Amino acid sequence: MQVLEGLSSSLQKALGKLRSKGKLTENDVQEAMREVRLALLAADVNVKVVRDFVARVRERAVGQDVQKSLTPGQQVVKIVYEELTELMGGTQSRIQMAAKPPTVIMLVGLQGAGKTTAIAKLALSFRQHQHRPLLVAADVYRPAAIDQLHVLGRQVEVPVFDMGTSHNPVDIVRNGMQEAERQGADIVLVDTAGRLHIDEGLMTELEDMKAAIQPMEVLLVVDAMTGQDAVHVAETFHERLGVTGIILSKLDGDARGGAALTVRQVTGCPIKYVGLGEKVDGPLEPFHPDRLASRILG
Ligand code: GDP
């Protein structure tokens, strides 16, 4: 599947000229870095992140220690690959499991980000790996959200606990924990309410839920298609909730890439999964920074 097509083709074009050259002048490197900078900015990568990125690549490329097996051009491409990987977190960051089950995972995010879809995909993946997940429907503001979770739960054959919309979310998650114990569930996935915009009421409620169930993971789902907005959302949620990982949804769409390349650097939160499809059987892949970097560079 092609992801981040625009960014990928403009970076490949910027670096393509270097690949074939036998010898590089400082001018060649400058010119290529100018194009890399423009490609990243066009993909909506944060300006400061771009500036630091290009400076690091340039510094390493100019002072590069010569590896005999690579042409100078190939070396620059390799440096860009390594720096892109580093920018996105370096190595894979996995879900933390509780020493004593159940492992509680709370999913948070704005309405429409892809939270409910992600929770169903996660549930399916856990079930396929011999876990016994339970979904807890704690979005009491949209009755449709509870129905949607039931529909998706049936599709992935994972039980769903709900208490309708007339209880407060803290009571629901507390009861959900008891239900998990009763069923012998080893993973509890909590679907929380989203709003169209971040607001104080939402944040306080999520803080209260977090305090009540002390989750191992607070995973924030952000829509990759919203670029820099996704990064602002992540900063705010992280400040209030201590996000432990990010799920970047809709990377299969026409996302320009800004969020994927910026969010880790700006928030310090690792991207743990990327969503690559709107259906529950569409992939939610564990995020590997090196693989995405090589997909981008072709
Ligand atoms: P929620 O409001 O955060 O729970 O968002 P939903 O899970 O209901 O998703 C909102 C819309 O985005 C739905 O139409 C989903 O099918 C779609 N969606 C969610 N994740 C992805 C994804 O990774 N890729 C694509 N293309 N669409 C997605």
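Quick notes
- Identity of the residue in region 246-298, of a type in the set (Ser, Thr, Tyr) and either assigned to a loop (DSSP other than H, G, I, E, B) or within 16 Å of the ligand (Cβ to nearest atom) (or both), that ends up farthest from residue 4 (Cα to Cα): 273
- Residues (within 12 Å of the ligand (Cβ to nearest atom) and buried (at least 19 other Cβ atoms within 10 Å of the Cβ)) located in region 147-165: 149, 152
- Enumeration of residues in region 17-57 that are over 14 Å from residue 257 (Cβ atoms), in a helix (DSSP H, G or I) and of a type in the set (Val, Ile, Thr): 29, 47, 54, 57
- For residue 60, the test of being open to solvent by 50 Å² or more (accessible area, probe 1.4 Å) and either of a type in the set (Phe, Trp, Tyr) or at pLDDT below 95 (or both) is passed.
- Any hit, region 172-191, residues being open to solvent by less than 40 Å² (accessible area, probe 1.4 Å), within 16 Å of the ligand (Cβ to nearest atom) and farther than 22 Å from residue 98 by Cβ: no
- Within region 16-30, the set of residues being open to solvent by 40 Å² or more (accessible area, probe 1.4 Å) and either in contact with a Lys or Arg (Cβ under 6 Å, 6 or more places away or on another chain) or free of Cβ contacts under 8 Å to residues at least 12 places away in the same chain (or both) comprises 25, 27.
- Of the listed requirements (1) open to solvent by 20 Å² or more (accessible area, probe 1.4 Å); (2) within 16 Å of the ligand (Cβ to nearest atom); (3) in a helix (DSSP H, G or I), residue 110 misses just one: (3).
- Flag if residue 234 is within 16 Å of the ligand (Cβ to nearest atom) and modelled with pLDDT under 95: no
- Matching residues in region 192-204 - criterion: being within 16 Å of the ligand (Cβ to nearest atom) and charged (D, E, K, R): 195, 199
- Residue match in region 213-231 (condition: open to solvent by 10 Å² or more (accessible area, probe 1.4 Å), under 30 Å from residue 159 (Cα atoms), under 10 Å from the mean Cα position of the chain (by Cα) and within 11 Å of the ligand (Cβ to nearest atom)): yes
- Residue, nearest to the ligand (Cβ to nearest atom), within region 133-145, restricted to residues that are open to solvent by less than 10 Å² (accessible area, probe 1.4 Å) and among the aliphatic types (A, V, I, L, M): 145
The values are calculated or read from the model by the stated rules, or taken from the named source; none is laboratory data. Not measured: the values here are computed from a predicted model. We place every Cβ from the backbone using ideal geometry, glycine too, and count neighbours over all the protein chains shown. Calculation scope for accessible area: heavy atoms of the full protein, side chains included, ligands and nucleic acids excluded. Shrake-Rupley method; radii C 1.70, N 1.55, O 1.52, S 1.80 Å.
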